[in-house]
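Below is one structure, written out as structure tokens; comments come after it.
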């Protein structure tokens, strides 16, 4: 289980001249500079941010991966994290499962007038901690403020850049019938942590989001197994089922999914049952799906299980030439059914 995030230090007095974000904080003048200098630039200080230019200049000579994402989670501070570390980890992981070692991020805020200043400070602190853990630098960004009622407190956009591992050879076109499908940990923890906060659900143990960076384990797998790793994906919005449907659709192959192998924690399974949710379709933020050459699947699983967050990793399925373009769930009681695709958002504002 993730530790509860630690936010050291108090919000600076210069920011607490205002209890909440005002439209003036987005006007480009004194209040904007106060917000940036006392917050963003101080906490995320590095040689690129010190320039405070309209763009960060970097020297790139290697194969790079580039990704962008926007984050709209509600509540903005939830068990196990905040929208801030979620934004950092989300983009870090998009790069990680693409075979890249993340290095640089952009960070843009859309703040709503009335956002609690201490909440914003806590989000900034969580961003700093997440960047330090992932070893990435925020080198450019932007801040805008919208009128009350038009932004739902805070939206964050991050863009990431990372160096691709020389042994990485990932892509849908490399997937073959017989390949194994591996999941790195328990399903649906993030989505259910968010929903438990919204719905006031109580559990015997504290259920927290699994938001975390994945770059170290992804780099280790690629470094060890090379091209035997066919594909990696982080099953965020839409969950594991959506990733499997993408694989089936794009490869024109089928996916056999083994229900008995799915790692689902008791609290998560119970909450899903109460809320009428299928954990396969619930968002995750700290695990990945890997499609692996069959004769290396056992070795891959062993490496993941030795990772501090991977003890519950499992081989959950296999690629097949049967039932092309479909995902078929093999139930624990011996039945088989086609796993449907969702037609809409199961959990709004989840990541």
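Taking residue 191, is it assigned to a helix (DSSP H, G or I), surrounded by fewer than 19 Cβ atoms within 10 Å (Cβ to Cβ), at pLDDT below 95 and in contact with a helix residue (DSSP H, G or I) (Cβ under 8 Å, 6 or more places away or on another chain)?
Details: assigned to a helix (DSSP H, G or I): yes; surrounded by fewer than 19 Cβ atoms within 10 Å (Cβ to Cβ): no; at pLDDT below 95: yes; in contact with a helix residue (DSSP H, G or I) (Cβ under 8 Å, 6 or more places away or on another chain): yes.
Here the answer is no, as residue 191 does not meet what is asked.
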What tally of residues in the range 130-148 results from selecting those that are within 22 Å of residue 16 (Cα to Cα) and either in contact (Cβ under 8 Å) with a residue 40 or more places away in the chain or not in a strand (DSSP E or B) (or both)? 6
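Which residue, of 77, 21, is closer than 22 Å to residue 133 by Cα, in contact (Cβ under 8 Å) with a residue 24 or more places away in the chain and either surrounded by 13 or more Cβ atoms within 10 Å (Cβ to Cβ) or not assigned by TED's automatic domain parsing to the domain that holds residue 120 (or both)? Steps first, answer last, please.
Values: 21 fails: closer than 22 Å to residue 133 by Cα.
When all the criteria are applied, what remains is 77.
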Given the conditions (1) touching a residue at least 60 places away in the same chain (Cβ under 8 Å); (2) farther than 14 Å from residue 116 by Cα; (3) out of contact with any helix residue (DSSP H, G or I) (no Cβ under 7 Å at 6 or more places or on another chain); (4) surrounded by 14 or more Cβ atoms within 10 Å (Cβ to Cβ), report the number of the one that residue 44 does not fulfil. (3)
With the checklist (1) over 26 Å from the mean Cα position of the chain (by Cα); (2) surrounded by 15 or more Cβ atoms within 10 Å (Cβ to Cβ) in hand, flag the one item residue 16 doesn't pass. (2)
If I filter the range 281-304 down to residues being under 26 Å from residue 88 (Cβ atoms) and in a helix (DSSP H, G or I), which single residue comes out as modelled with the lowest pLDDT? 281
In the range 313-324, what residues are surrounded by fewer than 23 Cβ atoms within 10 Å (Cβ to Cβ), assigned to a loop (DSSP other than H, G, I, E, B) and either free of Cβ contacts under 8 Å to residues at least 24 places away in the same chain or in contact with a helix residue (DSSP H, G or I) (Cβ under 8 Å, 6 or more places away or on another chain) (or both)? 324
Considering only helices (runs of 4 or more DSSP H) wholly within the range 1-117, the ones with at least 2 residues that are modelled with pLDDT of 90 or more are 83-96
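Residues checked against (1) assigned by TED's automatic domain parsing to the domain that holds residue 292; (2) surrounded by fewer than 23 Cβ atoms within 10 Å (Cβ to Cβ); (3) touching a helix residue (DSSP H, G or I) at 6+ places or on another chain (Cβ under 9 Å); (4) within 23 Å of residue 34 (Cβ to Cβ):
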site	(1), (2), (3), (4)
123	no, no, yes, yes
126	no, no, yes, yes
132	no, yes, no, no
140	no, yes, yes, yes
143	no, yes, yes, yes
147	no, yes, yes, yes
153	no, yes, yes, yes
159	no, yes, yes, no
Taking the stated definitions as given, is residue 83 surrounded by fewer than 24 Cβ atoms within 10 Å (Cβ to Cβ) and over 22 Å from residue 57 (Cβ atoms)? no
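Can you say whether residue 207 is buried (at least 18 other Cβ atoms within 10 Å of the Cβ) and either in contact (Cβ under 8 Å) with a residue 24 or more places away in the chain or out of contact with any strand residue (DSSP E or B) (no Cβ under 8 Å at 6 or more places or on another chain) (or both), as far as the supplied structure shows?
So residue 207 fits the description; yes.
Given the structure, is residue 333 in a strand (DSSP E or B) and surrounded by fewer than 19 Cβ atoms within 10 Å (Cβ to Cβ)? Walk me through it before giving the result.
Details: in a strand (DSSP E or B): no; surrounded by fewer than 19 Cβ atoms within 10 Å (Cβ to Cβ): yes.
When the stated conditions are applied, residue 333 does not pass them.
The values are calculated or read from the model by the stated rules, or taken from the named source; none is laboratory data. If you're wondering where the values come from, they're calculated on a predicted model, not measured in any experiment. Neighbour counts are summed over all protein chains in view; Cβ atoms, including those assigned to glycine, are modelled from backbone coordinates with ideal geometry.
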